[in-house]
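Report on the structure given below.
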Amino acid sequence: MITFEAVRKQFPDGTVAVDDLDLELPTGRITVFVGPSGCGKTTSLRMINRMLEPTGGTVAIDGRDVRSQDPATLRRGIGYVIQHAGLFPHKTVLDNVLTVPRLVGRGRERHRALELLERVGLPAALADRYPAQLSGGQQQRVGVARALAADPPVMLMDEPFSAVDPVVRGQLQEEFLRLQAELGKTIAIVTHDIDEAVVLGDRIAVFRQGGHLAQVGTPEELLTKPADAFVRDFVGRDRGYRGLSFQGSEGLVLRPLDGVALDEQGRPVGVDGTFRAGDSLRVVVDLTLTSPTGTAVQVDDQGRATGLVHHHDVVDLLEKRR
Ligand SMILES: Nc1ncnc2c1ncn2[C@@H]1O[C@H](COP(=O)(O)OP(=O)(O)O)[C@@H](O)[C@H]1O
Ligand SMILES: [Mg+2]
């Protein structure tokens, strides 16, 4: 676990970038630092690997003050990924990834680097290219592969997916979550994008101007119980809709399948999308809002239709839960 205890960072010019920060980043989970620009996210991140030193309080990893550890040794256990990947332009993709294991002095390096590239979704054929010959998304993948090269238990990522277009960003986020499900690293990610925070975070820390922590909690807690007006504004007007992702569809009263054509197995025909009993209300609402009849068909595990809901039914259910 990484802990911030009463951490403060004041720069020599007097700017207080982080003020009295208390925060815990659980082991093996993703904690996202989110907030508007200039509110101290990057500064907080950099105090974990001693790129910056706090002017007050303590940052500790598993109970050990990071200041008691030699910076070079400390950083071997901490992968670091930045926006635009920060690759060495004059080194090939492979050599960029190899930078780290060479520092650590491991054998079988080339093989491992190629394996890592494959893991982050890059074909081995790209290994001998230079960064400028890659797309932004590919460069960002190389940056992740490089950070993973020494197999560090901790990863710090500063706006890792911000420089790529939304479609590629979505793919990178998805692949990253798949990788993390296997690796179980302790990860801190900085972003200014609340949607990214909700997708990636097990826990989200919302920062506000002046380096204050506004709220920390699960995505669900932030969306459904914002601590104050600042957080409510920051998570956005459509938080009610996004919050539906965390509400199950159990308790919806199903209507008869009037007007729904079924095949011999009882599966609906000519329906764009269906939901299952375990799906969230957001899935159901998405379906009802895009269906010309305002309805969505529920199916069982075999795909057989079990009933119909109208979007009014969802509204009624939400009324009841309130
Ligand atoms: N080296 C520095 N000297 C003085 N002020 C700095 C320095 N680095 C960052 N700051 C200031 O500290 C505040 C927080 O910066 P930063 O942590 O980079 O914010 P964020 O990552 O949330 O956008 C900003 O007001 C920024 O201008
Ligand atoms: Mg920043």
Legend entry - Whole-number Å³ per residue for the convex hull built on Cα positions in the stretch 248-322: 76 Å³
Legend entry - DSSP beta bridges in the chain [antiparallel fraction, %, rounded to 5]: 55 percent
Inset, instruction - Quick one: which residues, 5 or more positions from Tyr80 or on another chain, have an amide H under 5 Å from its amide H? H modelled 1.01 Å from N in the peptide plane, none for Pro or chain starts. - result: Leu156
Legend entry - Normalised contact order of the stretch 22-82, rounded percent, pairs of Cα under 8 Å and 6 or more residues apart: 20 percent
Inset, instruction - Step through the residues of the stretch 5-13 one at a time and calculate ³J(HN,Hα) from phi using the Karplus curve (6.51 cos²θ - 1.76 cosθ + 1.60, θ = phi - 60°), rounding each to whole Hz and writing x for Gly and Pro. - result: 10, 6, 7, 10, 9, 10, 7, x, 7
Inset, instruction - Please list, in chain and number order, the residues 5+ apart from Leu262 or on another chain whose amide H is under 5 Å from its amide H, with Hs placed from the backbone. - result: Val269
Inset, instruction - In whole Hz, with x marking every Gly and Pro, tabulate ³J(HN,Hα) for the stretch 181-194 from phi via Karplus 6.51 cos²θ - 1.76 cosθ + 1.60, θ = phi - 60°. - result: 4, 7, 8, x, 7, 8, 10, 10, 10, 9, 8, 9, 9, 5
Inset, instruction - Per residue of the stretch 52-69, in order, report the coupling 6.51 cos²θ - 1.76 cosθ + 1.60 (Karplus, θ = phi - 60°) as ³J(HN,Hα) in whole Hz, putting x for Gly and Pro. - result: 10, 10, x, 9, x, x, 9, 10, 10, 10, 6, x, 9, 3, 5, 5, 8, 10
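Once neighbouring chains are kept in place and the probe is 1.4 Å, which whole percent of the accessible area of the chain is contributed by carbon and sulfur?
50 percent
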Inset, instruction - Given the options Leu223, Leu148, Leu308, state which has the largest fluctuation in a GNM of the chain using a 10 Å cut-off (strictly under) for Cα springs. - result: Leu308
Legend entry - Most mobile of Val142, Val284, Val34 in a GNM of the chain (Cα contacts under 10 Å): Val284
Inset, instruction - Specify the longest stretch of the chain that does not include any exposed loop site, a site being one of the GluC sites (Glu not before Pro) with a non-H, G, I, E, B DSSP assignment and at most 14 other Cβ atoms within 10 Å. - result: 1-249
Inset, instruction - Tell me which residues come under 5 Å, amide H to amide H, from Gln247 once H is placed; ignore anything under 5 positions away on its chain. - result: Leu281, Arg282
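The values are calculated or read from the model by the stated rules, or taken from the named source; none is laboratory data. Because the structure is predicted, anything quoted here is derived from the model rather than measured. All Cβ positions, glycine included, derive from the backbone under ideal geometry; neighbour counts span all protein chains shown. These accessible areas exclude ligands, DNA and RNA; they are computed on the full protein's heavy atoms, side chains included. Shrake-Rupley method; radii C 1.70, N 1.55, O 1.52, S 1.80 Å.
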